[in-house]
Amino acid sequence: MRPEQLVEAMKPDVERFVSGNRLVELAQSGQIRPEHFRRLLLAEYQCQEAELSTYALLVARHRHEIPATMFSFIQHTIATARGLLREASPSVGVSGPDIPPVPVDQGLFRVVRDLTWMGTQAGPAEAALYLHTDLSTWCTLFSRIVEASRQLPDVPVPVLTYMESWGDQPPPEVAEGTLRILEYGLAQGEEPARILHTARQLGALVDPYWDYVEAG
């Protein structure tokens, strides 16, 4: 398979991950509450605690300039996003310096734990397609939640600002970088079947994330 075919093959999965998301439904029906946004902020911060290490490990393991460029870009993007989370935290009753880095919720703890697997085990193309699928899903979900929530009362606007910062689709650095890394990884012998299989685990990995947020 060519890089473009691998990305195209994941589009139905992205739509499956997005369709029927309970938080989108709550926002669209006007039932989303500040507690949902508080939990989302905590979940984002705690997952990013693992992701910063994961992408640092990917850069350390795959030091060729093609994968290292994109993985370091993502690490920088996440580090910048954490600043927005800290700024937004008082709007949901959390003090910025006191955001707990480790989840109390066991489902979310498993998400954070499993996020580290990518850094220690994945090949560059495998990690790149997973990342592209992850961002394609997250950007779509966040944009739909923001669009449905903007005019509702008692919505923490700084959290919406954080969510908007991700855009409604992966940035060009990721869209273009993914294709370059897929081409590089395939040339290095990575198997398309494994690349696709790992990307398709996204839904199972993040289900506990949304279970936690939706419980608000």
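The values are calculated or read from the model by the stated rules, or taken from the named source; none is laboratory data. Keep in mind the model is a prediction, meaning the values are calculated, not measured. Cβ sites come from the backbone with ideal geometry, for glycine too, and all protein chains shown count toward neighbours. Surface areas here come from the heavy atoms of the whole protein model, side chains and all, with no ligands, DNA or RNA. Shrake-Rupley method; radii C 1.70, N 1.55, O 1.52, S 1.80 Å.
State whether the residues of segment 97-108 include one that is β-branched (Val, Ile, Thr) and open to solvent by less than 20 Å² (accessible area, probe 1.4 Å).
Yes, the conditions are met somewhere in segment 97-108.
I'd like to check something: does segment 195-206 contain any residue that is in a helix (DSSP H, G or I), over 25 Å from Ile32 (Cα atoms) and open to solvent by 50 Å² or more (accessible area, probe 1.4 Å)?
The answer is yes, given that some residue of segment 195-206 is in a helix (DSSP H, G or I), over 25 Å from Ile32 (Cα atoms) and open to solvent by 50 Å² or more (accessible area, probe 1.4 Å).
Find all pairs meeting these conditions: Cβ atoms under 6 angstrom apart; at least six residues apart or on different chains; first residue within segment 1-28 and without any contact (Cβ under 8 Å) to a residue 40 or more places away in the chain and closer than 17 Å to Gly185 by Cα; second residue open to solvent by 20 Å² or more (accessible area, probe 1.4 Å) and part of a helix (DSSP H, G or I).
Once the first residue is without any contact (Cβ under 8 Å) to a residue 40 or more places away in the chain and closer than 17 Å to Gly185 by Cα and sits in segment 1-28, no partner that is open to solvent by 20 Å² or more (accessible area, probe 1.4 Å) and part of a helix (DSSP H, G or I) comes close enough.
Any idea which residue in segment 49-62 is nearest to Leu84 (Cα to Cα), counting only those that are among the aliphatic types (A, V, I, L, M) and surrounded by fewer than 21 Cβ atoms within 10 Å (Cβ to Cβ)?
Filtering first and then ranking leaves Leu52.
Kindly indicate which of Arg86, Arg113 is charged (D, E, K, R), out of contact with any Gly (no Cβ under 9 Å at 6 or more places or on another chain) and open to solvent by 50 Å² or more (accessible area, probe 1.4 Å).
Among Arg86, Arg113, only Arg113 is charged (D, E, K, R), out of contact with any Gly (no Cβ under 9 Å at 6 or more places or on another chain) and open to solvent by 50 Å² or more (accessible area, probe 1.4 Å).
Open to solvent by less than 70 Å² (accessible area, probe 1.4 Å), within 30 Å of Glu190 (Cα to Cα) and free of Cβ contacts under 8 Å to residues at least 24 places away in the same chain - does that describe any residue in segment 31-48?
No, because not a single residue in segment 31-48 is open to solvent by less than 70 Å² (accessible area, probe 1.4 Å), within 30 Å of Glu190 (Cα to Cα) and free of Cβ contacts under 8 Å to residues at least 24 places away in the same chain.
Does at least one position in segment 140-149 carry a residue that is over 20 Å from Leu84 (Cα atoms) and over 13 Å from the mean Cα position of the chain (by Cα)?
Yes, the conditions are met somewhere in segment 140-149.
Part of a helix (DSSP H, G or I) and open to solvent by 40 Å² or more (accessible area, probe 1.4 Å), is that true of Thr161?
yes
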